[in-house]
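Heads up, the thing below is written out as structure tokens.
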Amino acid sequence: MFNIESLGIPKVKSPLQLSTVRGDNIFNYVKEDNKLVYDLSLEHYNQCLDKSEEPLCLEKAGPRQHIYFQPDKVTAAIVTCGGLCPGINNVIRGVVMALHYFYGVKRILGIPYGYEGLNPEKGHGFIELTPDGVKDINQFGGTILGSSRGAQEVSIMVDTLVDNQIDLLFAIGGDGTLKGVNDIGEEIRKRGLDIAVIGIPKTIDNDIDIIDKSFGFETSFDIASPILKDAHNEAKGAYNGISIVKLMGRDSGFIAASATLAMPVVNFVLVPEQRFELYGEKGFLAVLRKRLEAKHHAVIVVAEGAGQHLFKKDDVRTDASGNVQHDDIGLFLKDEISTYFKDIFPVTIKYIDPSYIVRSAAANSTDSVFCSGLAYQAVHGAMAGKTKFVVGRVNNKFVYLPISAVTKKRKKIDLESEFWFAVLQSTGQPFLM
């Protein structure tokens, strides 16, 4: 399940001056048999003992003693796709620095505007990436390479890699981007080419399966937290004041839930994972009324993908990446709440949507450290000839995972988890059904 494909046997001695023994106070090369157990529970351990089976293991990330590519002959390329997210520039910087200073790779190309940049008909060209050119980009949000959504013809993209003698392709993006680079890797395999493709998971929603978290996620709810505090001030500033804050989260409500825990002034959190109804004795509006009658203010945080079942839809719309385009639940709630209370008692509603401010911010310190680690580990795996893999942290350890393993489904909040229970304890909201 977690086996990583390789282009061949690594025979080139690594330029890194590391160790192969313990006790010399020098970091050791990672051996291929250095595996990490995936499921750490005692229950799984006992099951393996009972069945005399080896537990499911992950490949440990890190530098190998022998690599596949000759560094002075390597051309690497970096592409960023999909929506913006804090930390993209940090990852670009980390990849460039690791390739140049760790391995001596001199030719590194930036591919502008996502996969469009691998289609010559778009006319974007390439950008030469150097340490001097990227040394300060971590201070800024967005991506210096630009981005786009949507796929390009796989055969054309592979032709572009071949025509430009690109040996390594680092794709920074979410679910659609990772599926795209995996398809590129499949075409490369069919042609028998020596080109490695590497995914670095980027999604502000933290919805990539298996891995602990994706970069930019912590920054997102870090930035959202003071916005919730201000929303609380707005709500308390009026008798029966209501603040509605819509945060990003198309299919998963991790940002909304985590921001709520970080700034515990929120009274209701609505996420895509939990279905709720507006009307009826146990409906959301009745619960909101009880809150206002008791406290005379309320703060509501809603993820963008929550409550989509409340809309009457004739067809399903998707964006260029194939993601379902949701109706605006924030504005819908504002209108429904206003209508509901019209004949009950006056309310003052403030609606706040900081989504694009959050996603375009620069990474905070925690994410900056994480981004550098992802970049370095991705480079180590790439130089060793591994391909069609993503780098991520699982059980707080950096590992390599097949792209196909993390793109089978989206990670969602487990409504029976300690995490969601903590959110409910923080808000005091009932179990909305």
Looking only at region 286-312, and only at residues there that are more than 18 Å from Ala238 (Cα to Cα) and free of Cβ contacts under 8 Å to residues at least 24 places away in the same chain, the one that is most open to solvent (accessible area, probe 1.4 Å): Lys312
Residues located in region 241-263, provided they are open to solvent by less than 20 Å² (accessible area, probe 1.4 Å) and either touching an Asp or Glu at 6+ places or on another chain (Cβ under 7 Å) or of a type outside the set (Val, Ile, Thr) (or both): Gly241, Ser243, Leu247, Gly249, Ser252, Gly253, Ile255, Ala256, Ala257, Ser258, Ala259
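Scan region 204-215 for residues that are farther than 11 Å from Gly249 by Cα and touching a helix residue (DSSP H, G or I) at 6+ places or on another chain (Cβ under 6 Å) and jot them down. Please lay out each step first, then the result.
Within region 204-215, the first condition is being farther than 11 Å from Gly249 by Cα, and the residues that meet it are 208-215.
Result: Ile208, Asp209, Ile210, Phe215.
Can you tell me which of Ser321, Ser258 is modelled with pLDDT under 95 and touching a helix residue (DSSP H, G or I) at 6+ places or on another chain (Cβ under 9 Å)? Can you show your working first?
On the way: Ser258 fails: modelled with pLDDT under 95.
Unique residue meeting the criteria: Ser321.
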Residue that is farthest from the chain's Cα centre (by Cα) [pool: residues in region 47-61 that are in a loop (DSSP other than H, G, I, E, B) and loosely packed, with under 10 Cβ neighbours inside 10 Å]: Ser52
Residues of region 29-59 satisfying the condition of being closer than 17 Å to Lys397 by Cβ and among the aliphatic types (A, V, I, L, M): Val30, Leu36, Val37, Leu40, Leu56, Leu58
Among (1) closer than 26 Å to Asp205 by Cβ; (2) surrounded by fewer than 18 Cβ atoms within 10 Å (Cβ to Cβ); (3) among the acidic types (Asp, Glu) - the single one Glu116 does not satisfy: (2)
Any hit, region 216-231, residues being farther than 21 Å from Ala362 by Cβ and open to solvent by 40 Å² or more (accessible area, probe 1.4 Å): no
Residues of region 10-36 classified as open to solvent by 50 Å² or more (accessible area, probe 1.4 Å) and free of Cβ contacts under 8 Å to residues at least 40 places away in the same chain, total: 13
Of the criteria (1) farther than 23 Å from Val74 by Cβ; (2) touching a helix residue (DSSP H, G or I) at 6+ places or on another chain (Cβ under 8 Å), which one Val158 fails: (1)
Those residues of region 186-217 which are of a type outside the set (A, V, I, L, M, F, W, C) and in contact with a Gly (Cβ under 9 Å, 6 or more places away or on another chain), in sequence order: Asp194, Gly199, Pro201, Lys202, Thr203, Asp205, Asn206, Asp207, Asp212, Lys213, Ser214, Gly216
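Among helices (runs of 4 or more DSSP H) lying entirely in region 71-171, which contain 2 or more residues that are without any contact (Cβ under 8 Å) to a residue 40 or more places away in the chain and out of contact with any strand residue (DSSP E or B) (no Cβ under 6 Å at 6 or more places or on another chain)?
Values: elements: 88-97, 131-134, 154-163.
By residue number, 131-134, 154-163.
Can you tell me which residues in region 373-398 are of a type in the set (A, V, I, L, M), buried (at least 24 other Cβ atoms within 10 Å of the Cβ) and within 15 Å of the chain's Cα centre (by Cα)? Give the steps one after another, and end with the answer.
First, pick out the residues of region 373-398 that are of a type in the set (A, V, I, L, M): 374-375, 378-379, 382-384, 390-391, 394.
The next check asks that each one be buried (at least 24 other Cβ atoms within 10 Å of the Cβ); those that pass are 374-375, 378-379, 382-384, 390-391.
Leu374, Ala375, Val390, Val391 - these are the residues of region 373-398 that are of a type in the set (A, V, I, L, M), buried (at least 24 other Cβ atoms within 10 Å of the Cβ) and within 15 Å of the chain's Cα centre (by Cα).
So which residues in region 419-433 are in contact with a helix residue (DSSP H, G or I) (Cβ under 8 Å, 6 or more places away or on another chain), in contact (Cβ under 8 Å) with a residue 24 or more places away in the chain and part of a loop (DSSP other than H, G, I, E, B), if there are any at all?
So the first thing to find is which residues in region 419-433 are in contact with a helix residue (DSSP H, G or I) (Cβ under 8 Å, 6 or more places away or on another chain), and the list is 419-420, 422-423, 426-427, 429-432.
This time we only want the ones that are in contact (Cβ under 8 Å) with a residue 24 or more places away in the chain, so: 419-420, 422-423, 426-427, 429-430, 432.
Residues satisfying the conditions are Gln429, Pro430, Leu432.
Table: residues versus (1) of a type in the set (Asp, Glu); (2) under 15 Å from the mean Cα position of the chain (by Cα); (3) under 22 Å from Asp335 (Cβ atoms).
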{"residue": "Lys246", "(1), (2), (3)": "no, no, yes"}
{"residue": "Ile255", "(1), (2), (3)": "no, yes, no"}
{"residue": "Ser258", "(1), (2), (3)": "no, yes, no"}
{"residue": "Leu261", "(1), (2), (3)": "no, no, no"}
Single unsatisfied condition, His100 versus (1) within 27 Å of Ser220 (Cβ to Cβ); (2) surrounded by fewer than 24 Cβ atoms within 10 Å (Cβ to Cβ): (1)
Residue in region 376-385 that is more than 19 Å from Ala196 (Cβ to Cβ) and in contact with a helix residue (DSSP H, G or I) (Cβ under 8 Å, 6 or more places away or on another chain) present: no
Residue that is modelled with the lowest pLDDT, among those in region 332-367 that are under 24 Å from Ser147 (Cβ atoms) and open to solvent by less than 30 Å² (accessible area, probe 1.4 Å): Ser355
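Can you confirm whether Ile184 is buried (at least 17 other Cβ atoms within 10 Å of the Cβ), among the β-branched types (Val, Ile, Thr) and outside any helix (DSSP H, G or I)?
Working: buried (at least 17 other Cβ atoms within 10 Å of the Cβ): yes; among the β-branched types (Val, Ile, Thr): yes; outside any helix (DSSP H, G or I): no.
The answer is no for Ile184.
Scan region 93-118 residue by residue and report those that are touching a Ser or Thr at 6+ places or on another chain (Cβ under 6 Å) and basic (Lys, Arg).
The first filter runs over region 93-118 and keeps only residues touching a Ser or Thr at 6+ places or on another chain (Cβ under 6 Å), leaving 94, 107, 113-114, 116, 118.
Selection gives Arg107 alone.
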Index of the failed condition, Leu270 passing every other in (1) under 19 Å from Phe311 (Cβ atoms); (2) crowded, with 19+ Cβ neighbours inside 10 Å; (3) out of contact with any strand residue (DSSP E or B) (no Cβ under 9 Å at 6 or more places or on another chain): (3)
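The values are calculated or read from the model by the stated rules, or taken from the named source; none is laboratory data. As the structure is a computational prediction, the values presented were derived from the model and not from experiment. When we count neighbours, we look across all protein chains shown, and the Cβ atoms used for this are built from the backbone with ideal geometry, even at glycine. Please note that ligands, DNA and RNA were not included when accessible areas were found on the heavy atoms of the full protein model with its side chains. Shrake-Rupley method; radii C 1.70, N 1.55, O 1.52, S 1.80 Å.
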